[in-house]
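What follows is a short report on a single structure.
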Amino acid sequence: MGLFDLFKKKKVELTEEQLKWNKMWELWEKGEADSPYGELMTYQSEINNGGHGQYFFNVENTGDLNKEISALETVLSDELAGNLQNAYKAHVILEENEDDEKAEMIIEKCDEIFFENEEEINSILEVYANEIQL
């Protein structure tokens, strides 16, 4: 082995599970992920980028928020579905009064609950990803 062989990158082989996970996100990027999983992926992505406030703002401006929430409620546990509803109620209050500190605190708490339970969302998405044909 020569000195420069150390710098050659080894090709990493992805597992079938990893390939399916990547394919799932590719479908989502194209807007082709099945419902309600596409909505779940949007929800997770938006929360990770800016919390429930960003999620509600972006979905309201690009789609049908009530339809999105209804789709999410079909796959989320009661705890996470309730958390989403609480965040939405606080969001509505903030739309009317952006200085409402109580509503702002509720949104922040809902973000925390989301992150504490994000593994549940990943598990739902893993099941979906495993069903994707490569």
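Checked against the criterion of being touching a residue at least 40 places away in the same chain (Cβ under 8 Å) and either out of contact with any strand residue (DSSP E or B) (no Cβ under 9 Å at 6 or more places or on another chain) or acidic (Asp, Glu) (or both), the candidates Ala103, Ala87, Ala129 yield just one match: Ala129. Selection of region 29-47 for residues being more than 14 Å from Ile121 (Cβ to Cβ) and outside any loop (DSSP other than H, G, I, E, B) yields only Glu29.
Looking across Glu68, Glu26, Glu79, one residue alone is surrounded by fewer than 18 Cβ atoms within 10 Å (Cβ to Cβ), in a helix (DSSP H, G or I), in contact (Cβ under 8 Å) with a residue 12 or more places away in the chain and not small (Gly, Ala, Ser). It is Glu79.
A short reminder: the numbers here are calculations on the coordinates, not readings from a lab. Since we're looking at a predicted model, the values are computed, not measured. Because the Cβ atoms are built from the backbone with ideal geometry, glycine has one as well, and the counts that use them run over all protein chains shown.
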